[in-house]
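Here is the structure we will look at.
Rule-based calculations on the coordinates, nothing more; no lab input. Note that the structure is predicted; figures quoted are calculated from it, not measured. Heads up, the Cβs are rebuilt from the backbone with ideal geometry, glycines too, and the neighbour counts pull from every protein chain shown.
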Amino acid sequence: MSLQLEVRDLSKTYPGNVQALRNVTLSIPTGMFGLLGPNGAGKSTLMRTIATLQEPDHGSITLGEIDVLKQKDEVRKILGYLPQDFGVYPRVSAQAMLDHLAVLKGIVHRGERRETVEALLHQTNLWDARKRKLGTFSGGMRQRFGIAQALLGDPRLIIVDEPTAGLDPEERLRFLNLLSAIGENMVVILSTHIVEDVSELCQRMAIISEGELLLTGEPRQAIQDLHGKIWQKVIAREELDAHRVRMSVISTQLAGGRTVVHVHSDAAPDEGFEAVEADLKDVYFTVLKRSGGAAAQAA
Amino acid sequence: MFIEIFRFELRHHLRSALFWLSAFLLFLMAFGAVASDVVQIGGAIGRVNRNAPFVIGQILLVMSVIAVFVTTAFLAGAVVRDYDYRTHELFFSTRVRKRDYIWGRFLGSFVAAVLVVTPVALGIILGSAMPWLEPERVGPFSLQPYLFSFLVIVIPNLFLMSAVFFGLATATRSVMWTYVGLVVFFVGFSIAGVLLGDLENEGLAAILDPFGAGAIGLATRYWTVAERNTQILAVEGPLLTNRLLWSALAAGVLILTYALFSFTAKESRKARRARRKAEGELPTAEVAPGASLGIRTGTIRAYSGRALSTQFLLQAGREVGTVIRSLPFAVILALGVLNLVGTASVTDQLFGTPVHPRTYLMFQTIASGFLLFAIIILTFYSGEMVFRERSQRMDEVFDALPVPNGVYWGSKLVALFVIVLAVLAVAVLASMGVQTYRGYTDFQLVLYFKGVFLLTGIPFLLIAVLALVVQVVTNNKYVGFMLMALYFVAAPVLQALHFEHNLFYYAGAPLVPYSDMNGFGHFVEPVAWFYLFWSLVAVLLLAGVHLLWVRGKETSLAKRWALARQRFSGPVWTTLVTAGVGAAVVGSWIFYNTNVLNQYVPGNVVEDRQARYEKDYKRHEGIAQPRIVAIRTEVDIFPQERAADLRGRYRLRNKTDEAITELHVTVPPEVDIEEIVVPGSTLATEDDEVRYYIYRLASPLAPGAELDLDFSLRARSPGFRNHGFNNRLVENGTFINSGGFFPHIGYSRGGELTDPNERRKRDLPPVQRLPALEDEAAWRNHQLGMEADWVEYETVVSTSADQIALAPGYLQREWEEDGRRYFHYRMDAPILAYHSYLSARWAVKEDRWREVDIAVYYHPGHDYNVDKMIEAAKKGLEYFTANFGPYQHRQFRIIEFPRYAQFAEAFPNTIPFSESIGFIARLDDPDEIDYVTYVTAHELAHQWWAHQVIGAAVQGTTVMTETMAQYSALMVMEDEYGPELMRRFLRYELDSYLRGRGGELIEELPLKRVEFQPYIHYRKGSLAMYALKDYVGEDTLNSALARYVADVKFREPPYTTTLEFLDYVDDAVPEGQEHLLEDLFETITLYENQAREATVEERPDGTHVVRLTVESRKYRADGFGEETEIPVDDWIDVAVFGERGDEDPPEGKILLLEKRRVTEAEGVIELVVDEEPRQAGIDPFNKLVDRNPENNLVRVTEGM
């Protein structure tokens, strides 16, 4: 059975006229789906709305046969959710907490529950730390615990909201590995503002900014579309403004004290520019730049 | 830099909603207190001005205490904010100096705290300018009392509280812990108040009270109306000590805080440990990319019955566990237990004498003493629970789980319930501990269960529901807290507004007094209905919780409303309709009982009726009416039905010298009239509301002629009432009397409204409590009413077969008929028309003193002090017959009645005596005041002083009854226990008298002209008579009294007055002491005796010369407390005390005690004693009315 999440015309405005979502329409098939966007783009709003935690002003969401906005109980049965802002009871051990959440997921049989919990602790590499208080977990361990609880109860829809924010590279890698191991026949939505997360993991993706869906499709295809249109040059800092005026600078990056600029252009914009192989970052910044959104300043 | 931080801090508070909201609330409360009678703060009663300096001080004092709950948030916020917003590292790494940072923050918040209280002054000023206020109760505006109150009360209090909680917040870096500290502080404060509440600890309590309330109370405790209206307190003595002590302490705390405050971005220990652990973690084996998780997950049974029950139990268990393990819970509970133990140990004490710790006393202590703690716990933890997931940032995880809302809110509610029950269980254990410790082991577990878990527990559970509802609906913890506070404040406010029906107040129900005699009696049924009603309302509220429960991130009301409509499912509908219909049905049933079967009469309506009674019928006061000369009654008591049939005949005689054409009859509200027959008359006026009836006689009743009035009345107890239960007719312990259940002749002043302010509102002239002493026309009537003089009396009382029925008189015959017991009683000599009827299952103990049969009818099990009462009766009979004349009866009976009322009352040869004022008193300690003997002797004395000598119904009449009964009882007590115990007893009397003056609503009068003012005829009466006895000698005084009794007893009108009484007493006063009666009876005389210094010099012959420097001032006060100093010329006790031996009074061995004539306000008295002196003083035993009785003694020091 192939599950498809359909988001139609979803809008949401917060008090104070902050529009978090503007008529977002999106199809998400099974598999890993990356939702990319800068901070404050509306990613979390979208994720929470799908996770039954927020109400849109209008629009609809369906997951297969389920009307997500109305049949919340049905959604919750098959949902695994790792929120962005995610605390833990600091004085409870990982195993006990997972066990508790398993009961709430509906795994009532004690033996089955223990097996599930132990399997997940193994899978997320928390087995050795299972007796430790959650309050003592590092960020990476906590996120792995988060994915463990999201995986409880055989979910068909998994939502992970900004799971890699704040993790060090090693932890991040380990976390992505874990995610990549999640089965194929479920819908997995990963929201992030880190382009690499998407490029390394996702078959499909969407970019949103200021509540608007800017692009949706396969990362490979998007990169393909930019082929031959991204140019790079190393310049001095003082030259940057001049370049900005003259051409479409999509990103700048510091490298060894010098500034590397990427420019989107159908042809070589200037002498000194060399064509580079476009990557997802370029896609991202190009799309943002086109929408007039956040200044593309890569870290 | 300091200035910037200070201004930043202040601005921060001034911009917060909390500041303005609290300022507004404080303003409103102060305004309400001054401009209305709804808020009762400050003590502006009677003639005390609404804006009297005393009242201003009290209001500001109370508000400065209330405000602490807000200002603590300011101070804690000032400290914790930076940590909360994680800006502290930012702050601490800037160039801000520690000094500027701390003092800026502190002062900014402290100034905000003072500013938040300032609107109180505004509220008072504005309130007292309101046009609807009675101009005579608004004094002129003066800035001085405000300045004083701020400088001496508000600012020091806020400074102390600010310093302490600033320090605590700095130490804990947690708002919650700071608040826990606040709760601990207040509870400790109230416990200290209870423990130091005794008269003997006043001075210490005054200094230790951090708010200065004790010190102010001590300084103003005896203030009269005049002083309250004009005086500004002097900052001296305990008040000064108190203010200096606590301000110094506050400064110390601040300095300590400053020293301890670490100006580095220090991590908490917990966070550091967590980080270390995390850092130490080594990478573990990696999961191979792409490997399938292949997790075997268990069977998912979300939403199945089994899942729901498991989830429910799990969640509830977790909530309970979290609360019970949390420290604040333990702290609050421990304090609750401490408070309970403290209160339970002193409950029901009279004159400091304890009682046997019966179980009902324990559960009543729990119900009243634990309420506050239950409320704090419920309010606090309902907030914690509702927001627990959110504060832990676990809400999104939990809210996305396949768990219905009902499991979440339901488990929290059940957890609150479990906590309530656990708290009560702890309270029960603690109470049983108190009982055991005091050697009492009859625990009555079933009674504990009913009293604690049902009667007390159910309202607590209802409050738990409310606390949860408030949190969920407002979705703001602090607004929820405030609403709960408002809920508790609303109770007295609704009362004051006369919304007295329990249906107006959530969880409201009538009180359930418990009596050993009558158990819970008929009080349980109404309460059960009210609880059922409120439980159904609680279900409706919970439906609201279900619908508005916040799940997910939507918190706006509009969105929640939209979600609620989604949740409006079938079961919700069914619940709403069922509970709604149920509440409507039960509510209607309650209404039917309280307002249809019975009358619901709020206090203001009662007052309106009193006013109308007076307006319509006062003109009939004093018109010629016949008097009752014989009473014959038949009273059938039906204890099971709480009913009685009262039939009888009054023989009336026209004792006036004019023909009487109308007979005026009033009937008390407790009885229904079956029939009143006045032969040959027509009913001319029939006023059923105030129950005034005028019968026009067909032929006038000639002087000396007689007329019979026959009546048949019914007392019934249909259904139940909202308040004011008839607790006279009960299953076991019926006590009905002539005043409340029988017809009366003529207009009675007793039915008038007395509160001067309520009278003014209803355009009634100032009240006249009694006619003037010299009003000879009024001498025709005696104190107990104008309807009769001395009457013949006879009655037949019947009751159910298992009970005894009693009435005044001697038993003529006893028989059974139709399964009921009948008793025929008859008096063989005329008595006052003052009769009572009692019925219960008693045990009887009988004894004899000469020809007098003594009997005590008591509840089986209440035999603790029965022998004591018999002994007291014997001693009283002995003393009174020896000193005042023979006893007129051959019988003396004490009859126990349920503790619904706390008094004993003397009927002819019959004394109904409440369960609570002696039957369970614990008199094992010989140092305690034996009030059993005292009350018994007092009531016995009334057989002389009331039932032989009765005064005319004019000013001073109660001197011949209450004052003389007090004196007689004092003499019996002194004979038994000696003068030292009397002195302790008289200290209570002095305190009650002086305090009573401050509570006077109309005007204080000299004893000679007392107008039913208990603080005068009992308290001052005791003091005056004791002092008189001390001056003239017991025997001299008593022989004068005996002559008086012999001459006036059983006298027909005109009755005796204090004029005559004082004539006889005057004979006893020796020459040179003529001013005694003037000081004690004819004026309000006060003394200020003070021992300033005492030095000693040893003479060669071994004697010691003590030079005592004294100050002795004498004042005369008018009825409002305005004092004028008059020259002193009195014989006053002076004394020297030595080392205290075992037998000596607490002051020490009396080396010298004699009366010296004092004529100078200041002087030196030389006293020579044989042994080494320790203390010396003037009027050391407080025989004179002295407003500062503590400074009469001084330590003796070596002279030059």
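Observations on the model:
- Cα centroids of the range B:778-855 and the range B:504-526: 31 Å apart.
- Mean separation of Cα contacts under 8 Å (6+ apart) over length of the range B:106-204, as relative contact order %: 24
- Potential extension, B:Lys1149-B:Glu1098 segment - 0.36 nm per residue separation minus Cα distance: 16.5 nm
- Distances between placed amide hydrogens fall under 5 Å for B:Trp849 paired with B:Ile854, all partners being 5 or more residues away or on another chain.
- Inter-label distance, B:Ala1046 to A:Asp73: 9.7 nm, where each label sits 7 Å from its Cα along the C-beta direction.
- Length available on full extension from B:Ile324 to B:Thr1036: 0.36 nm per residue minus the Cα-Cα distance, which gives 249.3 nm.
- Estimated FRET transfer efficiency when R0 is 60 angstrom, pair B:Val605-B:Glu1162 (beta carbons, to 0.05): 0.55
- For the range B:684-843, the orientation-averaged shadow of the C-alpha convex hull comes to 14.7 nm² (one quarter of the hull surface).
- Computed from Cα positions, the angle between helix B:17-35 and the longest principal axis of chain B comes to roughly 10 degrees.
- Chain A: most fluctuating residue of A:Val24, A:Val103, A:Val68 per GNM, C-alpha cutoff 10 Å: A:Val103
- Convex hull volume per residue for the range B:629-744, taking Cα atoms only, in Å³: 105
- Given +1 at the Cβ of Lys and Arg, -1 at the Cβ of Asp and Glu and no other charges, the dipole of the range B:754-826 around its Cα centre is 340 debye to the nearest 20.
- Footprinting exposure proxy for B:Thr365, B:Thr1095 (fewest neighbouring C-beta atoms within 10 Å first): B:Thr1095, B:Thr365
- Extending 7 Å from Cα along the Cβ direction at B:Val596 and again at B:Arg306 yields two label points whose distance is 5.2 nm.
- With contacts taken as Cα pairs under 8 Å and at least 6 residues apart, chain A reaches a relative contact order of 21 percent.
- Amide H contacts of B:Ala630: B:Arg651, B:Glu792, each under 5 Å away and 5 or more positions distant or on a separate chain (H built 1.01 Å from N in the peptide plane; Pro and chain starts excluded).
- Here the simple spin-label model places points 7 Å from the Cα toward Cβ, and for B:Ser190 and B:Asp100 these points are separated by 4.5 nm.
- Size descriptor for chain B, Kirkwood hydrodynamic radius: 34.7 Å (Cα pairs only, one decimal).
- Degrees between helix A:280-290 axis and first principal axis of chain A (Cα, 0 to 90, nearest 10): 70
- Against the main long axis of the alpha-carbon atoms of chain A, helix A:94-105 sits at an angle near 80°.
- Placing unit charges on the Cβ atoms only, positive for Lys and Arg and negative for Asp and Glu, gives the range B:615-745 a dipole magnitude near 340 debye about its Cα centre.
- DSSP bridge analysis restricted to chain A gives an antiparallel fraction near 65%, rounded to the nearest 5.
- Placing +1 on the Cβ of every Lys and Arg and -1 on the Cβ of every Asp and Glu, with nothing else charged, gives the protein assembly as shown a dipole about its Cα centre of roughly 8380 debye.
- Per the Debye calculation on the range B:984-1034 with a single equal scatterer at every Cα and no solvent contribution, log₁₀ I(q)/I(0) for q = 0.15, 0.20, 0.22, 0.27 Å⁻¹ amounts to -0.39, -0.66, -0.77, -1.02.
- R0 of 41 Å, Cβ-Cβ distance B:Arg1107-B:Ala259: FRET efficiency to nearest 0.05: 0.20
- Förster radius 35 Å - calculated FRET efficiency between B:Lys615 and B:Ala702, Cβ distance, rounded to 0.05: 0.60
- Length available on full extension from B:Phe2 to B:Asp1118: 0.36 nm per residue minus the Cα-Cα distance, which gives 396.1 nm.
- When you restrict to C-alpha pairs under 8 Å that are six or more residues apart and normalise by the size of chain B, the relative contact order lands at 7 percent.
- Likely footprinting exposure, B:Ile894, B:Ile920, B:Ile45, fewest C-beta neighbours within 10 Å first: B:Ile45, B:Ile920, B:Ile894
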